[in-house]
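Below: one structure in structure tokens.
Derivation of every value follows stated rules applied to the coordinates shown; laboratory data play no part. Bear in mind the structure is a predicted one, so any value in this text is a computation, not a measurement. Because the Cβ atoms are built from the backbone with ideal geometry, glycine has one as well, and the counts that use them run over all protein chains shown.
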Amino acid sequence: MPAVLKVEDRRRCIGCLSCRQACARLRGKFSAADSAIDVKTQGGLSGEFIINICRGCNDAACMEACKFGALTKREGGGVVFHKEKCTKCGACSRACSVSAIRMDSEGYPIICSHCGYCAKYCPHRCITLKEVF
């Protein structure tokens, strides 16, 4: 059954960045900046955290923006990234309405695959992998 990541309850987020670090490690990187997840504070240290992840759009604007076929539709929502077809133009990043796509240091987009690895490392279950029908 296909599944997508969901922010279950961002109010439980303590900003530990375990999810970001887990995602980066899975990608073979060691910096949270190389993660497909972004966690930011809203209002300084006393504010809540914002967890920005790919929403798994059914009609993904990022896929439409890519004129080289580097992004294809993923079953259940979101996209699959094909690095060999990517020209590093950044059109996908600019097209994402929630700014969930960032470019890495080599110029390639960092795109969530909805694998759920990050959710396993969230100590407060802020992020979960939900089956979609």
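Which value at 222 nm does the chain reach when only helices count, each DSSP H run of 4 or more adding -39,500 (n - 2.57), with the total divided by all residues and rounded to the nearest 500 deg cm²/dmol?
Calculated mean residue ellipticity at 222 nm is -4000 deg cm²/dmol.
Within the chain, how many Lys pairs sit with Cα atoms under 16 Å apart, leaving out pairs fewer than 8 places apart on the same chain?
8
Considering the chain as a Gaussian network with a 10 Å cut-off on Cα pairs, which listed residue, ILE110, ILE14, ILE101, attains the greatest mean-square fluctuation?
In this elastic network of the chain, the residue with the biggest mean-square fluctuation among ILE110, ILE14, ILE101 is ILE14.
Just to verify a number: FRET efficiency for GLN42 and ASP104, C-beta to C-beta distance, R0 = 25 Å, to 0.05?
E(calc), rounded to 0.05, equals 0.50.
In a Gaussian network model over the chain where Cα atoms closer than 10 Å are linked, find which of LEU26, LEU71, LEU17 has the largest mean-square fluctuation.
Taking springs between Cα atoms under 10 Å, the residue moving most is LEU26.
Determine the sum of side-chain charges near ALA22: Lys and Arg each +1, Asp and Glu each -1, restricted to other residues whose C-beta is under 15 angstrom from that of ALA22.
Every neighbour counted, the sum reads +4.
Report, by chain and number, residues whose modeled amide H sits under 5 Å from the one on MET103, excluding near sequence neighbours (fewer than 5 apart, same chain).
ILE110
Which cross-chain or sequence-distant (5 or more) residues have an amide H under 5 Å from the amide H of GLU48, H modelled 1.01 Å from N in plane?
Those lying under 5 Å, H to H, from GLU48 are GLN42.
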